Amino acid sequence: MRIEVNGIDLIKLLKEISSKTKIKSYIVGGVVRDFLLGVKNLDIDVVVEGDGIEFAYILLSYLKGDIVVYEAFRTATLSYDGISIDVISARKEYYERPAALPTIEFSNIYDDMARRDFTINTLAYDVIEEKILDYFNGLEDLKKGLIRVLHPKSFIDDPTRIFRAIRYATRYSFEIEEKTHNLMKDSIENIRLLSADRIRNEIFLILKESKAKEMIDKLIYYGIDKVIFDGITLNTQHLDTVYVNLEIELYRFLVLFYYLKESDINKIEKRLRVNKIYLKALKDLVFLREQLNCQNKNIRKIRETIEETKEEVLRAIEVMEGEKAEKIIKGKLTVKGKDIKNLGLPPSPLYGELMDNVFEAKINGIIATRDEEIAFLKKLIEKLKKGE
Ligand code: ATP
């Protein structure tokens, strides 16, 4: 295994620091798993048997970069462009009640692996001995392509692992091992015990994945959508579409809730506690979708919404509605109030009406370019001045 950060061999460096400080360090989890699978992974987790923050500062003195420290867990994150290194103090976890966050105790590498979700994530590379520690048969499961929990209470302790199992199984085309699968199915109802923040986090992790559609299809297959969003229909059509320069989570979030009823917007707000930007985008989406499909259109509000809403909203509507949406979206105006002012009309409520007229002309294909918008405005203003 070789990982290079800022031109430095990370494993060699960890070995040197561990030898000097007598603090043992291990590269663990996703990066080891993905290295063995031949998949690129730039999120490196390092577990140390000692103080993670102290160790991280020593690492920083060699690697430079930025550091963020989390006092409570004695953990730190170093970052370089595109690469992050989490330095974690080895710990043991106890779950006092189902779905609660665990209490922790600092410990050793074995206990740190034993708190993990699946066997394929329990592989630790010992930098001193230069070998992989495999306490839970992770190597065999990785070879067989199996997602397996470490103990029968795993999903009860932490139901977010249900989402994680689906994510890993789909991402790597692995199977969920039979007993794990049964345990998982028995714990679906426990997802109700998770906080909105934790559920949102899991949903958005899925939406970032390239096989997002397949993963959401599996959530639906297991009835997880009913537990989280009871009664709200999820849309998985076009979920895998990717656009460059779009915020993929926002775009896919909007596609996922494309058929949301206006009266259910507050349910999403409550269940997922999405931020104000996402909520506003969702409201704009629902408004535009309804307007597209109704006879009496509110031209003023459509124009204003199209002008100020996020690009992701427009792309989501376009992908779902095709031509019908394209026609309205291409009506987005380039002219602003100040263009009307430059044409010699003092500010007044007429501005809104003029803009609506230009918008309608653009939707109907009478005009298309900015020059044509200005020329059209000019004509409207002349007519107005003549009192027509
Ligand atoms: P990804 O490629 O999705 O980032 P990852 O394995 O690096 O995968 P992270 O979410 O970054 O996943 O978590 C790092 C490690 O922490 C995992 O490999 C796993 O061992 C452990 N972990 C994360 N979440 C949980 C959880 N809910 N329960 C137990 N272990 C977890």
The helix 212-221 Cα axis meets the longest alpha-carbon principal axis of the chain at an angle in degrees, between 0 and 90 and rounded to 10, of 80
Which order results if Ile128, Ile23 are arranged by neighbouring Cβ count within 10 Å, fewest first? Ile128, Ile23
Report for the chain the percent antiparallel among DSSP-assigned beta bridges with both residues inside it, nearest 5. 75
Those trypsin sites (Lys or Arg not before Pro) from the stretch 149-240 that are DSSP loop and have at most 14 other Cβ neighbours within 10 Å turn out to be Lys153, Lys208
Students often check this: by mean Cβ neighbours within 10 Å, which of 116-125, 349-358 ranks highest, and how do the rest follow? 116-125, 349-358
The stretch 220-326 - percent relative contact order, Cα under 8 Å, separation 6 or more: 29
Let me check I've understood the local charge: for Leu254, count other residues with C-beta under 13 angstrom from its C-beta, Lys and Arg +1, Asp and Glu -1. What total comes out? -1
Cα centroid distance between the stretch 157-234 and the stretch 83-141, in Å? 22
Taking the reciprocal of mean 1/r across every pair of different Cα atoms in the chain, the Kirkwood radius in Å is 24.5
Would you mind classifying the stretch 333-388 by shape? Square roots of the alpha carbon gyration tensor eigenvalues, ordered a ≥ b ≥ c; an a/c under 1.5 is rounded, otherwise it is prolate if a/b is larger than b/c and oblate if not. prolate
Here the net charge surrounding Asp111, from other residues whose Cβ is less than 11 Å away from its Cβ (Lys, Arg +1; Asp, Glu -1), is 0
Of Lys283/Lys332; Lys153/Lys213; Lys211/Lys330; Lys64/Lys208; Lys24/Lys153, those spanning more than 22 Å from alpha-carbon to alpha-carbon: Lys153/Lys213; Lys211/Lys330; Lys64/Lys208; Lys24/Lys153
Cα-based helix-to-principal-axis angle, 311-321 vs the chain, degrees rounded to 10: 80
Of all GluC sites (Glu not before Pro) in the stretch 216-283, the ones in DSSP coil with at most 15 other Cβ atoms within 10 Å are Glu247
Whole-Å distance linking the alpha carbon centroid of the stretch 1-43 with that of the stretch 321-388 is 60
Within the chain: Cβ-based charge dipole about Cα centre, in debye rounded to nearest 20 (Lys, Arg +1; Asp, Glu -1): 1160
Contact order relative to length for the chain, counting C-alpha pairs under 8 Å separated by 6 or more residues, stands in percent at 9
Can you give the angle from 0 to 90° between the axis of helix 196-207 and the longest principal axis of the chain, with both taken from C-alpha atoms, to the nearest 10? 80
In the structure shown, of Lys362/Lys385; Lys297/Lys338; Lys301/Lys324; Lys341/Lys362; Lys12/Lys144, the pairs separated by more than 29 angstrom at the C-alpha atoms are Lys12/Lys144
Quick one: net charge around Ile367, please, counting Lys, Arg +1 and Asp, Glu -1 for every other residue with C-beta under 13 Å from its C-beta. +2
Restricting the stretch 64-131 to GluC sites (Glu not before Pro) in coil, as DSSP defines it, with at most 10 other Cβ within 10 Å: Glu71, Glu96, Glu130
Percentage relative contact order, the stretch 1-145, counting C-alpha pairs under 8 Å, at least six apart: 22
Among Tyr243, Tyr95, Tyr259, which one moves the most in a GNM of the chain with springs linking Cα atoms closer than 10 Å? Tyr243
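Bear in mind that the values in this text are calculations on the coordinates, not laboratory data. Treat the numbers as computed from the prediction; the structure is a model and nothing was measured. Neighbour counts are summed over all protein chains in view; Cβ atoms, including those assigned to glycine, are modelled from backbone coordinates with ideal geometry.
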